[in-house]
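Trainee: Okay, here's the structure, questions in a sec.
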Amino acid sequence: MNTMDATYSRGLFLVFCAGMFWSTQGLAVRLMESANAWQILFYRSIALSVFLAVIVVLKNRGRWFRAIQETGWGGVLGGLCLVFAYAAGVLAMQRTTIADAVLLFATAPFFAAILGWLLLSERVRKSTWLAVALAIGGIFVMQGGAVAVGQFFGNLLAASSALAFAVFTIILRGKKQRDMMPTVFLSGIFAVPICAAITWLDGTGLVIPSQDVQIALLMGVFQTGAGLILYTLGARTVPAVQLALLPLIEVVLSPLWVALFVGELPSDITLLGGSLVALAIVGDAVLGAKRSRKGAAA
């Protein structure tokens, strides 16, 4: 295996693993006692910020502050996009059905493909478009094929979350030669005061059971932090549309973790749809690796 092929394959693997880490969010939320979304995001963002601060300092040593500065306005925009994606996603789940929210989150590959084509001149292979369509179809099957009526604002928030994550993806691709880890760190820094302000305004405060605090902190390190680090590293060599497609494995694995640890068994139609999503992801990754080898050999 040549260097180019190995680098691309490693990128695919890293992004795939990011989706696996992200897939634990549903289980973590199920294990919460009483914390609401903004309280969870507050403590998760604290852990995320500390975890990534350590990573950035160790990686850049004495020039860690310089590394953050070097992200520039692109880093600030990328961090804010992540915060918006977090917030819009949480709000969407509060204002529409989980089925609708997950279905609309899956539009991220389309947004990423269009933006990547317009802004980065990235070509999208026909096989990747087919994989995106198959993945969307699988998610549609998982949700029973129905989009709730009368949930327009929640659905709009879910689509906005997908768009924000797609923009973050494009920023990573556009700055693939630079260290984007500080951008993810900034997202945690921005999220902490935003979530604290919202809990103060709605009167819920930040006092929650210690078990919920511990779970939220673990989410910041493992579920969000580790996942975003892997995703950021993989973004350097994986095209934008695949960056949005591969993590959809999260949609497949989320109900499986809940079934395994909490006992909520997925339905047959969920398993069928999940199989379609998995087929799309694996198929596109295999075809992409083969094409990369042929291109390198030519």
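Trainee: Estimate the FRET efficiency between Leu120 and Ala197 by the formula 1/(1 + (r/R0)^6), using the beta-carbon distance for r and 45 Å for R0, to the nearest 0.05.
Mentor: 0.85
Trainee: Hull surface divided by four, with the convex hull built on the Cα atoms of segment 43-99: how many nm²?
Mentor: 5.0 nm²
Trainee: What does the accessible area of Phe140 come to, in Å² to the nearest 10, when a probe of 1.4 Å is used?
Mentor: Surface open to solvent at Phe140 totals about 90 Å².
Trainee: If we restrict to alpha carbons, what Rg and Dmax does segment 7-130 come to, in Å?
Mentor: Considering segment 7-130 through its Cα atoms, Rg and Dmax are 17.5, 47 Å.
Trainee: Show Lys59, Lys126 ordered by accessible area, largest first, where the area counts protein heavy atoms only and the probe is 1.4 Å.
Mentor: The residues order as Lys126, Lys59, largest area first.
Trainee: Ratio of segment 183-234's C-alpha Rg to 2.2 N^0.38 Å, to two decimals?
Mentor: In units of the 2.2 N^0.38 Å rule of thumb, it is 1.33.
Trainee: Let me ask something else. Fully extended, how many nm does the chain gain between Leu271 and Ser127 (0.36 nm per residue separation, minus their Cα-Cα distance)? Before the final figure, lay out the partial values.
Mentor: Working: separation 144, 0.36 × 144 = 51.84 nm, distance 2.35 nm.
Difference between extended and current length: 49.5 nm.
The values are calculated or read from the model by the stated rules, or taken from the named source; none is laboratory data. Please read these numbers as outputs of a predicted model, since none were measured by experiment. So basically every Cβ, Gly included, is an ideal-geometry build from the backbone, and we count neighbours across all protein chains shown. Side chains included, ligands, DNA and RNA excluded: accessible areas come from the protein's heavy atoms. Shrake-Rupley method; radii C 1.70, N 1.55, O 1.52, S 1.80 Å.
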